[in-house]
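What follows is a single structure, written as structure tokens, with notes after it.
The values are calculated or read from the model by the stated rules, or taken from the named source; none is laboratory data. Remember, it's a predicted structure, so these values are computed and weren't measured experimentally. Quick reminder, even Gly has a Cβ in these numbers, built from the backbone with ideal geometry, and neighbours come from all protein chains shown.
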Amino acid sequence: MEVIFQRTKGLLDVPTHYCPGCTHGIIHRLVGETLEELNVIDKTVGVAPVGCSVLAYNYFACDMFEAAHGRAPAVATGIKRSHPDSVVFTYQGDGDLAAIGTAEIVHAATRGENITTIFVNNCIYGMTGGQMAPTTLPGQVTETTPYGRDVKQAGYPIRVSEMLSTLSGAAYVERVSVDSVPNILKAKKAIKKAFELQLQGAGFTMIEVLSICPTNWGLSPLEALKWLRDNMIPYYPLGVKKDITAGEAK
Amino acid sequence: MPDKVLMKGNEAIGEAAIHAGCQCFFGYPITPQTEVAAYMSRRMPKIGRVFLQAESEIAAINMVYGAAGSGVRAMTSSSSPGISLKQEGISYIAGAELPCVIVNIVRGGPGLGGIQPAQSDYFQATKGGGHGDYRLVVLAPSSVQEMVDLVQDAFDIADKYRNPVMVMGDGMLGQMMEPVEFKERKPAQLPSKDEWKADGLKGRKEHHVINSLYLKPEELENQNLKMQKKYAKIKNNEVRYEMYNCEKDVDFVLVAYGTISRICKNAIKLLAEEGINVGLIRPITLWPFPEKAFEEVIDKTKYGFMSVELSCGQMVEDVKLASNGRKPVYFYGRTGGMVPSPNEIADAVKRNIGGAK
Amino acid sequence: MARATFREERCKGCGLCISVCPKKIIEFSEKLNVKGYHPAAVKEEKMKECIGCASCARICPDVVITVEK
């Protein structure tokens, strides 16, 4: 018998602080595997956000930065511009990227900054205890939308992938999900493609990963996967939103 | 470059940074320092270095954080409102113990304020600005030549102590043109960055993390105490100041930095003609504040000190602390971008000591 | 012939592996691990039914499972 699946060297062999069933763990693994398979762990620098994954700098094997809330794309820009041969990624949640960090992600994308952003969208602010995020769905109950998100008062959620895909500097933008094994495999393919494009100098790449937050949604991990499928995928359709390698001028 | 060149302050700052080996400049337009970014946008690409106009001053300071954490010399510049935006980033840079240079060409405030010179960011620079127990080394040039020298020193001090350093000028220094020389400098003895920079493992076994988060209180206390030891060292080693006309006994001592210190020197000449002997303490480091300069004159000065500032009075508090109740401390200032004439300052001196005389 | 090995002390008892196993051979263990969770496990007598698809390993957020085939 030979080993056909084992822990990647892209992750340090340490337990994580994430809740049981939190899909950050799956996404971390996909990124770690990608770095190992592309043989770039040694020249990669990752930038962790503020949010549940603030401690991501303890989990990835490569050099890591902790960034201020929302500023990871700017930090990544500083690293990549001074070390163009390095592989640089940011790993950000929905508050980090789509609230306070909206300017930074838009401008990194429009500059065609040669970095890869992993955007973890779980429709809620996890670390601070379950408040509304820019991606919280209409009607969704959170700590700061206790009666359900009312679009008249709190506005509409942002479809970040679609928004960034309008920018010429964005080379590859795809939305994936980790709610099932087939989707996890597709997510891995997308993440790998994004990093490969970074290695080719193609420009800004981002993979938005629909994820669960069982703790703050008040659901078991299994129920949460179903909630994602039933509620998030219809609002945030999966698929490629921008691909400069596809030959279309978008 | 020819030996002596006439340069605009803001452009000289840029050229000095280049001489100091600044690898990355991240900036944003704001009056009266925009020429720093414009100059760097022309020079940096020509010498294979990085210039980027960021989307905001916030983005710029975070780009500096990234570049500095990956081991290169990085600089940003801005003016008062933009420096306010950078405070979070500066706190992170200080907390992560990264070296970098931040230039503040101060304009009138608060709020959108004005575009004329001021010194009303003294509190922000020396007492905090950003959150937490950190300090910025703050250098205050008073001429374009001094700006050139201090910008280069700033990079060395930053690397020596792994701390952000601010060079604080004002709108007048930024805009004026004076002759400058880029002198040969002996390369400073500086510690290697290899032990901490995060620019990729490259065969290293342990990954490096650039971080300022310490959730365990014991760890955060330790980190803070470590930084306080560093600040004690800086206080011991890096204080700079100029004493002007303080060799003999003086009736009065002015305390002023930057542009207004030059006007004070002219006021001192006017007062000498009237037989009033006034000296000047010119702090060059605003932090660490040159308390020992006051020891040199505390017994000599008959009527005490007068802090002269382009503000409503910020450095005067440090003058009071340094004087420690031993002699009276007065204040004269103009604000909003108004710059006093030597006569105005001389009159203020006479008013203050006239009563005591 | 395949085997899925679980690192019991890392398992947080989330149950996702149990939900995706096509042969339904994973279950929560009776015992508690050091963190107080019931770790997922495959009883030895059921291991021969493992087809080595690694679905469990791929959905495990804590990278607890190693699969051999």
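Key figures
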{"quantity": "Cβ-Cβ under 9 Å pairs, at least 6 apart or on other chains, the range A:37-64 side touching a residue at least 60 places away in the same chain (Cβ under 8 Å), far side part of a strand (DSSP E or B) and acidic (D, E)", "calculated": "A:V50/A:E66; A:V54/A:E66"}
{"quantity": "Failed condition for B:R135, given (1) assigned to a loop (DSSP other than H, G, I, E, B); (2) over 16 Å from the mean Cα position of the chain (by Cα); (3) at pLDDT 95 or above; (4) surrounded by fewer than 24 Cβ atoms within 10 Å (Cβ to Cβ)", "calculated": "(2)"}
{"quantity": "Index of the failed condition, A:M127 passing every other in (1) away from chain B (no Cβ under 14 Å); (2) within 19 Å of A:P221 (Cα to Cα)", "calculated": "(1)"}
{"quantity": "Single residue of A:T102, A:T23, A:T117, A:T90 found to be surrounded by fewer than 22 Cβ atoms within 10 Å (Cβ to Cβ), closer than 24 Å to A:Y236 by Cα and either more than 10 Å from every other protein chain (Cβ to nearest Cβ) or at pLDDT 95 or above (or both)", "calculated": "A:T102"}
{"quantity": "Residue within the range B:162-175 that is free of Cβ contacts under 8 Å to residues at least 40 places away in the same chain and surrounded by fewer than 21 Cβ atoms within 10 Å (Cβ to Cβ) present", "calculated": "no"}
{"quantity": "From B:G203, B:G313, residue being within 21 Å of the chain's Cα centre (by Cα), surrounded by fewer than 23 Cβ atoms within 10 Å (Cβ to Cβ), in a loop (DSSP other than H, G, I, E, B) and not β-branched (V, I, T)", "calculated": "B:G313"}
{"quantity": "B:Y65 vs. criteria closer than 12 Å to A:V75 by Cβ and modelled with pLDDT of 95 or more", "calculated": "yes"}
{"quantity": "Some residue of the range B:221-230 being loosely packed, with under 11 Cβ neighbours inside 10 Å, in a loop (DSSP other than H, G, I, E, B) and modelled with pLDDT of 95 or more", "calculated": "no"}
{"quantity": "Residue satisfying condition, being polar (S, T, N, Q) and in contact with a Leu (Cβ under 9 Å, 6 or more places away or on another chain), within set A:T34, A:T44", "calculated": "A:T44"}
{"quantity": "Test for C:F28: is it surrounded by 14 or more Cβ atoms within 10 Å (Cβ to Cβ) and either without any contact (Cβ under 8 Å) to a residue 24 or more places away in the chain or touching a helix residue (DSSP H, G or I) at 6+ places or on another chain (Cβ under 7 Å) (or both)", "calculated": "yes"}
{"quantity": "Residue check for B:M63: within 14 Å of another protein chain (Cβ to nearest Cβ), assigned to a strand (DSSP E or B), touching a strand residue (DSSP E or B) at 6+ places or on another chain (Cβ under 8 Å) and more than 24 Å from B:E309 (Cβ to Cβ)", "calculated": "no"}
{"quantity": "Residue check for C:S19: within 14 Å of another protein chain (Cβ to nearest Cβ), within 24 Å of A:G218 (Cα to Cα) and either touching a residue at least 24 places away in the same chain (Cβ under 8 Å) or under 12 Å from the mean Cα position of the chain (by Cα) (or both)", "calculated": "yes"}
{"quantity": "Residues located in the range B:41-60, provided they are in a helix (DSSP H, G or I) and within 23 Å of B:N163 (Cβ to Cβ)", "calculated": "B:E57, B:I58, B:A59, B:A60"}
{"quantity": "Filter pass, A:E174 being farther than 22 Å from A:R29 by Cα and charged (D, E, K, R)", "calculated": "no"}
{"quantity": "The listed residue being assigned by TED's automatic domain parsing to the domain that holds B:E184, touching a residue at least 40 places away in the same chain (Cβ under 8 Å), in a helix (DSSP H, G or I) and closer than 23 Å to B:Q175 by Cβ, out of B:I83, B:I18, B:I93", "calculated": "B:I83"}
{"quantity": "Subset of the range B:35-60 [of a type in the set (V, I, T) and more than 9 Å from every other protein chain (Cβ to nearest Cβ)]", "calculated": "B:V36, B:I47"}
{"quantity": "Breaking point among (1) at the interface with chain C (Cβ under 9 Å from one of its Cβ atoms); (2) not in a loop (DSSP other than H, G, I, E, B), for A:T34", "calculated": "(1)"}
{"quantity": "Criterion: facing chain B (nearest Cβ under 8 Å) and surrounded by fewer than 24 Cβ atoms within 10 Å (Cβ to Cβ) - qualifying residue of A:H83, A:H69, A:H17", "calculated": "A:H83"}
{"quantity": "Failed item in (1) surrounded by fewer than 23 Cβ atoms within 10 Å (Cβ to Cβ); (2) under 21 Å from B:N352 (Cβ atoms); (3) of a type outside the set (D, E), with B:G279 passing the rest", "calculated": "(1)"}
{"quantity": "Considering residues of the range C:50-69 that are in contact with a Pro (Cβ under 9 Å, 6 or more places away or on another chain) and within 23 Å of A:Y18 (Cα to Cα) only, the residue nearest to the other protein chains (Cβ to nearest Cβ)", "calculated": "C:P61"}
{"quantity": "Single condition C:A41 does not satisfy, out of (1) in a strand (DSSP E or B); (2) crowded, with 20+ Cβ neighbours inside 10 Å; (3) within 12 Å of chain A (Cβ to nearest Cβ)", "calculated": "(3)"}
{"quantity": "Residue within the range A:143-156 that is more than 14 Å from chain B (Cβ to nearest Cβ) and of a type in the set (A, V, I, L, M) present", "calculated": "yes"}
{"quantity": "Criterion (more than 19 Å from the chain's Cα centre (by Cα) and under 27 Å from B:R107 (Cβ atoms)) met by exactly one of B:D347, B:D299", "calculated": "B:D347"}
{"quantity": "Any chance B:G66 is buried (at least 24 other Cβ atoms within 10 Å of the Cβ) and free of Cβ contacts under 8 Å to residues at least 12 places away in the same chain", "calculated": "yes"}
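Yes/no per residue for (1) under 23 Å from B:M63 (Cβ atoms); (2) within 14 Å of another protein chain (Cβ to nearest Cβ); (3) assigned to a loop (DSSP other than H, G, I, E, B):
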| residue | (1), (2), (3) |
| --- | --- |
| B:E97 | yes, yes, yes |
| B:V103 | yes, no, no |
| B:G114 | no, no, yes |
| B:Q124 | yes, no, no |
| B:G129 | yes, no, yes |
| B:S142 | no, no, yes |
| B:V148 | no, no, no |
| B:V151 | yes, no, no |
| B:F155 | yes, no, no |
